[in-house]
Amino acid sequence: MRVDGSRIFREAWIAGVQKYYPGEPKAAYVAPYEETPEWERAAAASVFELVRFFIESTGDGVKKLSRENKGRYVALCWTAQIFKRVEDPKPAYVAGWEDLPQWQQETDSDIFERIEDYLNGS
């Protein structure tokens, strides 16, 4: 069975935004999967596959990563997708880890862990 990695990614993103975002998030941050632009779905699917490959290729080594390491990986993969798919991205879209707001760092870490849980059958 083929998994829709973009949907798993999006659902983890929405859950993270709802959990960590201070105040009321922008509507686009929590828009349902079906309302997500196609380029964003494709980017999410790519990041899901990159995280999946990373987890599967490192075996038990992934267990030694900190939560921050996991979030940094997701953020870096997402930034690469933005550069691939958005002609002239806003600086905030391609900010380095240190420049991301804490809610986004936590959400990116949750995304990695959600993919990890999915691969472990949880």
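The values are calculated or read from the model by the stated rules, or taken from the named source; none is laboratory data. What you see is a predicted model; the values in this text were computed from it and never measured. No Cβ is skipped: glycine too gets one built from the backbone with ideal geometry, and neighbour counts run over all protein chains shown.
Return the residues of the range 59-94 that are surrounded by 10 or more Cβ atoms within 10 Å (Cβ to Cβ) and either more than 22 Å from Glu49 (Cα to Cα) or in contact with an Asp or Glu (Cβ under 6 Å, 6 or more places away or on another chain) (or both); say none if nothing qualifies.
Once the filter is applied, which keeps residues that are surrounded by 10 or more Cβ atoms within 10 Å (Cβ to Cβ) and either more than 22 Å from Glu49 (Cα to Cα) or in contact with an Asp or Glu (Cβ under 6 Å, 6 or more places away or on another chain) (or both), the range 59-94 yields Gly71, Val74, Ala75, Pro89, Ala92.
Of the residues Lys26, Lys70, Lys19, which single one is of a type in the set (Lys, Arg) and modelled with pLDDT under 95? Even if it seems obvious, please write down each step before you answer.
Details: Lys70 fails: modelled with pLDDT under 95; Lys19 fails: modelled with pLDDT under 95.
After ruling out the rest, the residue left standing is Lys26.
Going by the structure shown, is Val74 out of contact with any strand residue (DSSP E or B) (no Cβ under 9 Å at 6 or more places or on another chain), under 19 Å from Phe112 (Cα atoms), in contact (Cβ under 8 Å) with a residue 24 or more places away in the chain and in a helix (DSSP H, G or I)? Don't jump to the end; show me each part of the working.
Details: out of contact with any strand residue (DSSP E or B) (no Cβ under 9 Å at 6 or more places or on another chain): yes; under 19 Å from Phe112 (Cα atoms): yes; in contact (Cβ under 8 Å) with a residue 24 or more places away in the chain: yes; in a helix (DSSP H, G or I): yes.
So Val74 fits the description; yes.
Looking for whichever is assigned to a helix (DSSP H, G or I), touching a residue at least 60 places away in the same chain (Cβ under 8 Å) and within 14 Å of the chain's Cα centre (by Cα) here; the options are Glu40, Glu116, Glu68. Which one fits? Step through it out loud before you land on a result.
Details: Glu40 fails: touching a residue at least 60 places away in the same chain (Cβ under 8 Å); Glu68 fails: touching a residue at least 60 places away in the same chain (Cβ under 8 Å).
Exactly one of Glu40, Glu116, Glu68 is assigned to a helix (DSSP H, G or I), touching a residue at least 60 places away in the same chain (Cβ under 8 Å) and within 14 Å of the chain's Cα centre (by Cα), namely Glu116.
Going through Glu56, Glu34, Glu49 one at a time, which residue ends up being charged (D, E, K, R), farther than 17 Å from Ile111 by Cβ and in a helix (DSSP H, G or I)?
Values: Glu56 fails: farther than 17 Å from Ile111 by Cβ; Glu49 fails: farther than 17 Å from Ile111 by Cβ.
Glu34 is the lone residue from the list that is charged (D, E, K, R), farther than 17 Å from Ile111 by Cβ and in a helix (DSSP H, G or I).
Which one of the conditions (1) crowded, with 18+ Cβ neighbours inside 10 Å; (2) in contact (Cβ under 8 Å) with a residue 60 or more places away in the chain; (3) closer than 18 Å to Ala92 by Cα; (4) not basic (Lys, Arg) does Pro22 fail to meet, given that it meets all the rest?
Only one criterion is unmet by Pro22, namely (1).
I'd like to know if the range 57-66 contains one or more residues that are in contact with a helix residue (DSSP H, G or I) (Cβ under 7 Å, 6 or more places away or on another chain) and either modelled with pLDDT of 95 or more or of a type in the set (Ser, Thr, Tyr) (or both).
No, the range 57-66 contains no residue that is in contact with a helix residue (DSSP H, G or I) (Cβ under 7 Å, 6 or more places away or on another chain) and either modelled with pLDDT of 95 or more or of a type in the set (Ser, Thr, Tyr) (or both).
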